[in-house]
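Trainee: One structure follows; several queries about it will come next.
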């Protein structure tokens, strides 16, 4: 059960994801969660540094698609601004949204990763779809009520995953891309 919600990578922010590292992993595209991953939940706009990051990845031929459980109209507005394809009302953790996103990117599951801030929606959807999964820290503590209800369980699960997967002492430090075994960021 834990394997289905254990991300392949844990990073502080999407800004740590680099095109060269994605290519080294054989990845050519990202399915990106929107709220609390690319932007704050209550904000209508994506921060300028994230917009720059998106443009950099696109210039390096990494395909991007927004994948959100949010309402299609709201997601479409942000996607249009960023000039990205999107899947709204993705029904994560079901794999159907990931499948649609992969079709839009014209990629196979082994060529893409899902990036998000929630274990039980983003990471589970990615795992069920056969994608590489990247968990990032939520950008904003202000979240919908139903998401706030899940966070204590997520913290408990992450602690359990960390305890089960202690890194070997000889593991090199300082890697920009760390597996779940070597990057225990701590949730508040």
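All of the numbers you see were taken from the coordinates with simple rules; none came from a lab. Predicted model, so just to flag it, every value in this text is computed and none were measured. As a convention, Cβ positions derive from the backbone with ideal geometry for all residues, glycine included, and neighbour counts pool all protein chains shown.
Trainee: Quick one: check the C-alpha center-to-center distance for region 100-152 versus region 34-65, whole angstrom.
Mentor: 15 Å
Trainee: Does region 64-151 come out rounded, prolate or oblate, given a ≥ b ≥ c as the square roots of the eigenvalues of its C-alpha gyration tensor, rounded meaning a/c under 1.5 and, failing that, prolate meaning a/b above b/c? Working shown, then result.
Mentor: Values: a/c = 1.77, a/b = 1.17, b/c = 1.51.
Judged from the Cα gyration tensor, region 64-151 comes out oblate (a/c at least 1.5, b/c at or above a/b).
Trainee: Only bridges with both residues in the chain count here: give the DSSP antiparallel percent, nearest 5. List each step's numbers first, then the result.
Mentor: Working: 1 of 19 bridges.
Approximately 5 percent, going by the DSSP bridge assignments.
Trainee: Sticking with this one: Please state the shape class of region 1-111: rounded when a/c is under 1.5, otherwise prolate if a/b exceeds b/c and oblate if not, all from the C-alpha gyration tensor.
Mentor: Values: a/c = 1.32, a/b = 1.08, b/c = 1.22.
Note, shape of region 1-111 comes out rounded.
Trainee: Right, something else. Would you mind ranking 53, 156 by Cβ crowding within 10 Å, fewest neighbours first? Intermediate results must be reported in sequence, preceding the final value.
Mentor: On the way: 53 20, 156 11.
By the 10 Å Cβ count, ascending: 156, 53.
Trainee: Compute the Cα gyration tensor for region 12-70, then decide on rounded, prolate or oblate, letting a ≥ b ≥ c be the square roots of its eigenvalues: rounded whenever a/c is under 1.5, prolate when a/b is larger than b/c in the other cases, and oblate in all that remain.
Mentor: Numbers: a/c = 2.11, a/b = 1.69, b/c = 1.24.
Judged from the Cα gyration tensor, region 12-70 comes out prolate (a/c at least 1.5, a/b above b/c).
Trainee: Only one of the listed values, (1) 46, 38, 30; (2) 65, 38, 28; (3) 71, 30, 27, was derived from the coordinates as Cα extents along the principal axes in Å; which label is it?
Mentor: Step by step, Cα extents along the principal axes in Å for this structure corresponds to label (1).
Trainee: Given the options 140, 122, 40, state which has the largest fluctuation in a GNM of the chain using a 10 Å cut-off (strictly under) for Cα springs.
Mentor: Taking springs between Cα atoms under 10 Å, the residue moving most is 140.
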